[in-house]
Amino acid sequence: VKEGVWRVEEVIGNGPLERSLIYYGPGPADTDAEEETRKQEEEMKAQRSQKAAAEAAARRVEDEEKKQKLKETAAAKKAADAAEAAKKVADAATAAAAAEATIKKETQQAQRNAAQPPPQPKAPSPKPQQQQQPTPPPPPPPNAKAAADPEEDDETELKLNDGSTVPAANLEQILKKYLDAVEHVMVVGSGKEFLSCMLTLKTKGSEAASRGEDPAALGPAKDELAADSLALAELFGSEATTVLKARTCSKFRGEGLLPLFAKANAEIKLSSQQVRRFSILTRIFSVKTNEVLASGQLNRLAIKKQNKNIIDGMYQQKKAAPPK
């Protein structure tokens, strides 16, 4: 048996020359040159495997670094958003506290003034009785009854508690500057202890009315909040999506509208001209409903008469409260 061969069989044919050997197994061992070539191929194969493993490890490290950077960026953005939201809440709370402090101070001053007894008028000296015919009273001037009747005053010119007057439009213009979610605002309270206002929110119905369309054609959707009103609700976590929900939502009123009234009152400055209460109406003012004139101005007297109960309700509380 040759080296490297497992088995050898001898086959003999019919003749003496017909003889051959058959080998089974791997055959003879490799030569030195073949062994060297095989080793080189194995080394190259091992090197390629090591290089591929190193490259895969480097890619894993790079991927991990990218993931870590993304996590850090997301965490930083989340922290910044949380800080911004906290700042807005703090600013709103500060403005509300300032408005509440102002109201409290004014209320205490009013209570002190009310506690002081008014000066007693001197009794008139008795006059000698004279026999004379009474002089008939002069006839009333034209429109005197209408001028004296507060129910017929459209309150275009507001009579303040300090005896002065101010055009309502001046105050309404300042309020509208801060109240982006409000479509219409009407200040009332002429001759009262303080001023109040009625307002309507921006809705899909009010947008239709501003385009000259009939809000009623929208059906129930006319009372859904428009973009500016929804933005105010979402900013302070209010779930209000309609006028009725916004009217009864403490977050929308107390955290959304109240600080904006405080800013407007800060610009108005004079306490007698500042607006102390407000009510959100569920109606939509339009030309068709006769609440807006053809000129675009509010039909103040019509609005006042239609909402008399709401106006009276704002003055039935014991003290003036800051807008909510």
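The values are calculated or read from the model by the stated rules, or taken from the named source; none is laboratory data. Quick caveat: nothing in here was measured; it's all calculated off a predicted structure. Heads up, the Cβs are rebuilt from the backbone with ideal geometry, glycines too, and the neighbour counts pull from every protein chain shown. Only protein heavy atoms, including side chains, enter the accessible area calculation; ligands, DNA and RNA are left aside. Shrake-Rupley method; radii C 1.70, N 1.55, O 1.52, S 1.80 Å.
Modelled label positions at GLU34 and GLU151, each set 7 Å beyond Cα in the direction of Cβ, lie 12.5 nm from each other. Modelled spin-label separation between SER250 and ALA231, with each label point placed 7 Å from Cα along the Cα-to-Cβ direction: 2.8 nm.
For the range 163-249, the fraction of C-alpha pairs farther apart than 18 angstrom is 52 percent.
Determine the share of the range 160-211's accessible area contributed by carbon and sulfur atoms, expressed in whole percent, with a 1.4 angstrom probe. Mind dumping the intermediate values first?
Numbers: 890 of 2080 Å².
C and S atoms contribute 43 percent here.
Look at the alpha carbon pairs under 8 Å that are at least 6 residues apart: their mean separation over the length of the range 175-293 gives a relative contact order of 31 percent.
Please give me the summed charge of the neighbours of ALA264: other residues whose Cβ is under 13 Å from its Cβ, Lys and Arg +1, Asp and Glu -1. Could you put the intermediate results ahead of the total?
Values: positive: LYS176, LYS177, LYS263, LYS269, ARG276; negative: GLU172, ASP180, GLU267.
Residues close to ALA264 contribute a combined charge of +2.
Karplus-based coupling profile of the range 307-312, in residue order and whole Hz: 10, 4, 5, 5, 5, 4, with θ = phi - 60° in 6.51 cos²θ - 1.76 cosθ + 1.60 and x standing for Gly or Pro. One chain, two ends: SER271 and GLU84. Fully extended at 0.36 nm per residue, the span grows by 64.1 nm beyond their Cα-Cα distance.
What is the extension gain from ALA57 to ALA217, computed as 0.36 nm multiplied by their sequence separation minus the C-alpha to C-alpha distance, in nm to one decimal?
Values: separation 160, 0.36 × 160 = 57.60 nm, distance 6.64 nm.
Result: 51.0 nm gained on full extension.
So if we plug the beta-carbon distance of SER210 and LYS104 into 1/(1 + (r/R0)^6) with R0 = 41 Å, what FRET efficiency do we get, rounded to 0.05?
Numbers: r = 39 Å, r/R0 = 0.96.
Computed FRET efficiency for SER210 and LYS104 comes out at 0.55.
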